[in-house]
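Novice: Sharing a structure below in structure tokens format, with a few things to ask.
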Amino acid sequence: MTGYQVLARIREFFSGKTAVEAGRDNPLLRTVVAKSAVIYDQIPLRDYISEKTRVELGRHLFLEINGICNAVDPIMACRQRLAATMLAFSSWQVLVIPPAPEEDASGLRGQPGVTGELKERLVKIVKKNHDLSAEIYEATDSRSYDAVWEVVQRCYWKSFWYLGSFDAARIELNDVEEDCDWYRSFMHAACAAREHQYRREQEMPPAFDEDIATQASVAFSMFTDIVLSGEKNPQAAWRDYHKDCNIPTPSFEPWTAPGLADT
């Protein structure tokens with residue numbers, strides 16, 4: 001079953017109408033669901049979940065998108081879901097980035113605070129982090145690298161699908177800055193803060209210079225607060241707040257996330 005078929009059936013079930021009729025009622029919902037389906041079809045999540053789980057995830061995602069569309073303030077409703085999902089996504093993203101010289105599809109490795117050094121320490125990181133261990137060991141009794149890696153992949157691609165869907169809603173709501181959009185910087189900030197957390201738990205040296213490590217981790221964590229504050233351009237607000245600090249900032253080349261090329 002394709003991503004569009006999953007979401008269309010769920011939409012039909014909850015609306016009491018055909019998928020086509022339901023989609024006509026809300027153009028925003030129709031567009032975002034279609035983009036979400038494209039994302040699903042382009043990522044390997046189906047390799048890690050059952051048909052039953054696929055439908056459950058699709059149902060939950062549809063309700064979340066529908067909630068955004070029907071909110072009094074759709075932009076802030078979208079930001080709230082985007083921010084929560086970004087934090088979950090970052091907890092997996094920094095674990096799947098490979099070390100050099102392997103190709104890094106995320107485009108994040110080498111940006112301030114993101115190294116690609118955590119993947120090889122996956123089992124140790126999971127063991128030390130309560131949230132990760134609770135999530136992973138609920139799904140597998142094995143402590144082997146391969147077993148843990150499979151669960152991490154499933155969690156990563158699920159959060160990737162949800163995050164991409166909420167980002168599609170954000171774009172449709174025109175919560176963007178065309179010249180310098182804030183989404184990629186938000187992703188980097190969340191991942192840099194998350195890697196710092198994992199490295200501290202592992203008693204690894206920080207990925208930032210020692211003299212600014214604590215300050216940088218706090219600064220990047222603040223990006224989420226700025227997103228949720230309603231600032232029109234969170235990236236500009238974040239940079240302005242830290243303009244007199246030595247916090248390193250990312251520099252991104254033109255980039256398209258895996259699975260998002262045709263959305």
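Novice: Within segment 171-190, which residues are touching a residue at least 24 places away in the same chain (Cβ under 8 Å), surrounded by fewer than 21 Cβ atoms within 10 Å (Cβ to Cβ) and in a helix (DSSP H, G or I)?
Specialist: Listed by number, the residues that qualify are E172, R184.
Novice: Another one. From the list A168, A193, which one is part of a helix (DSSP H, G or I), within 20 Å of E231 (Cβ to Cβ) and not β-branched (V, I, T)?
Specialist: Answer to the selection: A193.
Novice: Return the only residue of V123, V114, V152 being without any contact (Cβ under 8 Å) to a residue 40 or more places away in the chain and either loosely packed, with under 15 Cβ neighbours inside 10 Å or of a type in the set (A, V, I, L, M, F, W, C) (or both).
Specialist: Within the list V123, V114, V152, the selection yields V123.
Novice: A further question follows. For the condition under 22 Å from the mean Cα position of the chain (by Cα), at pLDDT 95 or above and aliphatic (A, V, I, L, M), what is the one hit in A192, A147?
Specialist: Exactly one of A192, A147 is under 22 Å from the mean Cα position of the chain (by Cα), at pLDDT 95 or above and aliphatic (A, V, I, L, M), namely A192.
Novice: Conditions: (1) at pLDDT 95 or above; (2) of a type in the set (A, V, I, L, M, F, W, C); (3) surrounded by fewer than 19 Cβ atoms within 10 Å (Cβ to Cβ). L61 meets all but one. Number of the miss?
Specialist: That leaves (3) as the condition not met.
Novice: Are there any pairs, at least 6 apart or on different chains, whose C-beta atoms fall under 9 Å, with the first in segment 40-61 and farther than 11 Å from W157 by Cβ and touching a residue at least 12 places away in the same chain (Cβ under 8 Å) and the second in a helix (DSSP H, G or I) and among the polar types (S, T, N, Q), and if so, which?
Specialist: Correct list of pairs: G58/S36; L61/S36; L61/S165.
Novice: Spot the failing condition for N246; the list is (1) at pLDDT 95 or above; (2) more than 17 Å from the chain's Cα centre (by Cα), and only one is missed.
Specialist: Among (1) at pLDDT 95 or above; (2) more than 17 Å from the chain's Cα centre (by Cα), the lone unmet condition for N246 is (1).
Novice: Okay, moving on. Residues that are β-branched (V, I, T), in contact with a Cys (Cβ under 6 Å, 6 or more places away or on another chain) and modelled with pLDDT under 95: which helices (runs of 4 or more DSSP H) entirely in segment 71-142 hold 2 or more of them?
Specialist: Hits in segment 71-142: none.
Novice: Here is a follow-up. Condition check: crowded, with 17+ Cβ neighbours inside 10 Å, out of contact with any helix residue (DSSP H, G or I) (no Cβ under 6 Å at 6 or more places or on another chain) and modelled with pLDDT of 95 or more. Does A216 satisfy that?
Specialist: yes
The values are calculated or read from the model by the stated rules, or taken from the named source; none is laboratory data. Because the structure is a prediction, the values reported are computed rather than measured. Please note: Cβ atoms are built from the backbone with ideal geometry, for glycine as well, and neighbour counts cover all protein chains shown.
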